Amino acid sequence: MSGIASILRAIAAGLAAWLVIQALLFALVQAAPGGAAAALAGDFATRETQAEVVRSFALDQPAPQRFVSFIARMVQGDWGLSYQYRRPVAGLIAERIVPTLALMLGALVIAIAAGRAIGLWAAAHERGGIVATAAASAAHALPVFWVGQLLMLGPALEWRWFPVSGLTDPRSTAAGWAALPDIAWHAVLPLSTLVLQQTAYFATVAAAKARIELAQGYVRAARARGLAEREILWGHVARNVSPQLAVAALNRIGMLFTGAVLVETLFAWPGLGRLIASAILNRDHPVLLGAFGLIVAAVITSSIVADLVQARLDPRVGGERAVA
């Protein structure tokens, strides 16, 4: 029962945090220059037109009342109507979240695999490991937008190896599964931009955890039994590093969303990040609140899951099981 109680407490705390953050976002959006009436009616609309818009969209109600109404509708699946597209926000986000998730999950899988390999190698090779760890730290510090610009200037514009932007070639008539090669080709640069920084992070995490594992008793016991260093590193140690990388990946969701917004804007990738950037420029408040509400919910949920997983991880027990 204690485990269920802790999960329920974590969910309650997460819901409270989501409500507080949504309230702050709602207040910031309402205080932004221009206002919803100008966004709906246009900057050059008459006062009468703007007043009619305010009445039609119930914008004359007190802010707390509008916030409560917004949350009640959002819970029921009604996320409002986009000012820019004149379409339901939930439908817009559902369309744009797929390219974003493809980009994020692809980058996450590649970065974890590459970071795990680099981190294990760095932990096992003292001299080379110092260089590898320093390089990973430097790569992790590079701004995503700057890395994306370098990739765009070199492989895309200068050498013309990859397309500059978009999801597919506008001249292509391929659809469905036939369009996947074109989509994959367009995804190389935005995916590489995210992978570079994320790989550096996971390499640092893997190296730190692997160094701890290499000092454990089960490693000494494995060496005493005559097991090869390669088998110890890539078998037992790697197995115990993987859960820590899973927790790190869950805690990395927020940074991935932030990177996706910048990368999608730079490479004109038609995902949620580009939708958010467009909504900011066009003062599309319902889209901003819906998109940020979804992102905050995803970050909070992943953090709760990461905390629950971390609470159940015992490196010593995992180390004994690795050699059993």
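The values are calculated or read from the model by the stated rules, or taken from the named source; none is laboratory data. Everything quoted here is computed from the prediction, not taken from an experiment. Cβ: placed from backbone, ideal geometry, glycine included. Neighbour counts: every protein chain shown. Surface accessibility is based on the protein's heavy atoms, side chains included, excluding ligands, DNA and RNA. Shrake-Rupley method; radii C 1.70, N 1.55, O 1.52, S 1.80 Å.
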Open item on the list: 5 Å is the cut-off here: which amide hydrogens, built 1.01 Å from N in the peptide plane, fall below it relative to residue 81, excluding neighbours closer than 5 in sequence?
Closed with: 89
- [ ] Exposed loop trypsin sites (Lys or Arg not before Pro) only (DSSP loop, at most 13 other Cβ atoms within 10 Å): please give the longest stretch of the chain free of them, not including the sites.
- [x] 226-324
Task: Portion, in percent, of the accessible area of region 165-321 that falls on carbon or sulfur, probe 1.4 Å - done: 64 percent
Open item on the list: Quick check on region 80-178: take the gyration tensor over C-alpha atoms, sort the square-rooted eigenvalues as a ≥ b ≥ c, and tell me if it's rounded (a/c under 1.5), prolate or oblate.
Closed with: prolate
- [ ] Give the calculated FRET efficiency between residue 188 and residue 230 to the nearest 0.05, with a Förster radius of 30 Å applied to their Cβ-Cβ distance.
- [x] 0.40
TODO: Read phi for every residue in region 275-292 and hand back ³J(HN,Hα) as whole Hz from Karplus 6.51 cos²θ - 1.76 cosθ + 1.60, θ = phi - 60°, with x for Gly and Pro.
DONE: 4, 5, 4, 5, 5, 5, 5, 9, 6, 8, 4, x, 5, 4, 5, x, 5, 5
Task: the chain: C-alpha gyration tensor shape, a/c 1.5 cut-off, then a/b vs b/c - done: oblate
- [ ] With springs only between Cα atoms under 10 Å apart, run a GNM on the chain and tell me which of 80, 217, 119 wobbles the most.
- [x] 217
Task: Whole-Hz couplings from phi, Karplus 6.51/-1.76/1.60, listed for region 153-161; x for Gly and Pro - done: 5, x, x, 8, 7, 7, 9, 6, 7
Task: Placed amide H near residue 269: partners under 5 Å, 5+ positions off or other chain - done: 166
Task: Exposure of residue 255 as accessible area (Å², to 10), given a probe of 1.4 Å and all protein chains - done: 90 Å²
Open item on the list: Test of understanding: extend the Cα→C-beta vector of residue 268 to 7 Å, then name every residue of region 186-214 with backbone N under 17 Å from that spot.
Closed with: 186-191
TODO: Provide the per residue accessible area, probe 1.4 Å, for the chain, rounded to a whole number of square angstrom.
DONE: 53 Å²
- [ ] Quickly estimate the mean residue ellipticity at 222 nm for the chain, helices only: each DSSP H run with n ≥ 4 gives -39500 (n - 2.57), and the total goes over all residues, rounded to 500.
- [x] -24500 deg cm²/dmol
Open item on the list: In the chain, once you exclude exposed chymotrypsin sites (Phe, Trp or Tyr not before Pro) (DSSP loop, at most 15 other Cβ within 10 angstrom), what's the longest stretch remaining?
Closed with: 162-324
Open item on the list: Once neighbouring chains are kept in place and the probe is 1.4 Å, which whole percent of the accessible area of region 44-142 is contributed by carbon and sulfur?
Closed with: 65 percent
Task: In sequence order, calculated HN-Hα J values of region 181-197 (Karplus, 6.51, -1.76, 1.60; Hz; x Gly/Pro) - done: x, 5, 5, 4, 5, 6, 7, 4, 5, x, 5, 5, 4, 5, 5, 4, 6
